[in-house]
Amino acid sequence: MSSAKKQKMNGGALMRNVFDILIARKSAREYDPRVVSIEIVREVLKDAGRAPSSKNTQPWLVAYLSGQPLEELRRKMCGAFETGLPADFEIDSGTFEAYLPRAKKLGKDIFAWKGIDREDLEKRHLHAKENFRFFGANQIFIVAVRKEACNEKAIFDVGIFSAYLMLALESRELGSCPQMSTLAYPQILRDAIPDSENWLPLLTLPFGYPKKGSHLNEFETEREPLGSWAFEVVGK
Ligand SMILES: Cc1cc2nc3c(=O)[nH]c(=O)nc-3n(C[C@H](O)[C@H](O)[C@H](O)COP(=O)(O)O)c2cc1C
């Protein structure tokens with residue numbers, strides 16, 4: 001597709017090269033107060049909807065929340081967290097034992113980056129609470145699947161869709177942070193979305209303009225070396 005056509009398709013906005021987008025995307029956990037326009041939100045959703053899915057079933061459901069409904073949800077989620085409401089995960093959110101060291105390293109690295117001492121329980125509590133505040137973002141997506149359609153295949157498809165969503169945001173220089181910690185309170189998420197009784201939330205995605213000069217957003221995660229997970233099986 002010619003670049004002129006591509007620009008026209010996206011309302012004239014300058015699109016970034018796909019490789020730049022892949023490399024640039026990382027989780028943003030601090031946002032500036034500007035609200036993303038509904039036109040851009042719709043473009044992002046439309047682009048993400050190009051994600052492939054098994055037999056083109058497109059099993060994803062997405063709710064977009066901003067303004068007062070989001071503030072109400074934020075208040076309820078923080079309330080649940082602060083009062084110690086027991087987590088009620090509806091999907092298995094455990095971590096396979098062999099991967100626990102990676103998860104622990106992420107926690108250690110992010111605490112060090114934020115200057116949080118391991119013993120400082122109050123700061124650790126505030127760090128965890130940020131998830132339920134949706135990192136202060138002015139808009140979020142809740143990504144879900146229909147309960148009765150939920151199987152491994154559908155979750156796989158929704159995962160691919162979610163990656164497309166993050167990259168569609170990044171292409172417009174919008175940051176996001178995928179979250180599963182918030183799935184601790186699936187009914188609170190459903191209560192924020194009309195007619196969503198048969199929704200199974202899989203991910204929340206706060207997004208927006210990343211805060212300029214944010215130390216937190218500069219946090220970089222590492223990746224395992226290729227040799228530990230990619231296996232080349234080639235003939236002579
Ligand atoms: C399915 C999924 C769930 C995640 N849940 C959370 C979460 O609850 N809170 C959080 O701060 N980050 C969460 N993350 C972000 C990961 O920690 C992050 O993607 C990973 O450390 C790699 O860093 P990067 O996104 O900056 O490349 C989640 C990511 C994914 C894909």
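Derivation of every value follows stated rules applied to the coordinates shown; laboratory data play no part. Values in this document were obtained by computation on a predicted structure and should not be read as measured data. Note that we place each Cβ from the backbone using ideal geometry, even for glycine, and neighbour counts take in every protein chain shown.
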Counting other Cβ atoms within 10 Å, keep those with at most 16, restrict to DSSP loop, and tell me which GluC sites (Glu not before Pro) in segment 37-135 are left. GLU90, GLU119
In nm, the gap between the two label points placed 7 Å beyond Cα toward Cβ at TYR99 and ASN17 is 3.2 nm
From the phi angles alone, apply the Karplus equation (6.51, -1.76, 1.60; θ = phi - 60°) to segment 199-210 and give each ³J(HN,Hα) in whole Hz, x where the residue is Gly or Pro. 8, 10, x, 10, 7, 10, 9, x, 8, x, 6, x
Based only on other Cβ atoms within 10 Å, what is the fewest-to-most ordering of TRP229, TRP60, TRP113, TRP199? TRP229, TRP113, TRP199, TRP60
Estimated distance in nm for a label pair at SER228 and ASP92, the labels positioned 7 Å out from Cα along Cα-to-Cβ: 2.3 nm
In whole angstrom, largest first, the equivalent ellipsoid semi-axes that the Cα gyration tensor gives for the chain are 27, 24, 22
Distance in Å, no decimals, from the C-alpha centre of segment 153-206 to the one of segment 69-114 is 15 Å
In nm, to one decimal, how far is the PHE111 label point from the GLU39 one, both placed 7 Å along Cα→Cβ? 4.7 nm
222 nm mean residue ellipticity, helices alone, for the chain (DSSP H n ≥ 4; -39,500 (n - 2.57); rounded to 500): -12000 deg cm²/dmol
Cβ-placed point charges (K, R +1; D, E -1), dipole of segment 89-236 about Cα centre in debye, nearest 20: 280 debye
Evaluate E = 1/(1 + (r/R0)^6) for LEU121 and LYS236, where r is the Cβ-Cβ distance and R0 equals 45 Å; express this FRET efficiency to the nearest 0.05. 0.15
In the chain, which helices (entire DSSP H runs) extend 18 Å or more along their own long axis, judged by Cα positions, while averaging at least -0.5 on the Kyte-Doolittle scale? 152-170
Counting other C-beta atoms within 10 Å, and keeping those with at most 14, which DSSP coil GluC sites (Glu not before Pro) do you find in segment 197-236? GLU197, GLU220, GLU222, GLU232
Which residues in segment 21-39 place their backbone N less than 16 Å from a point set 7 Å from the Cα of CYS78 along the Cα-to-Cβ direction? 30-31, 33
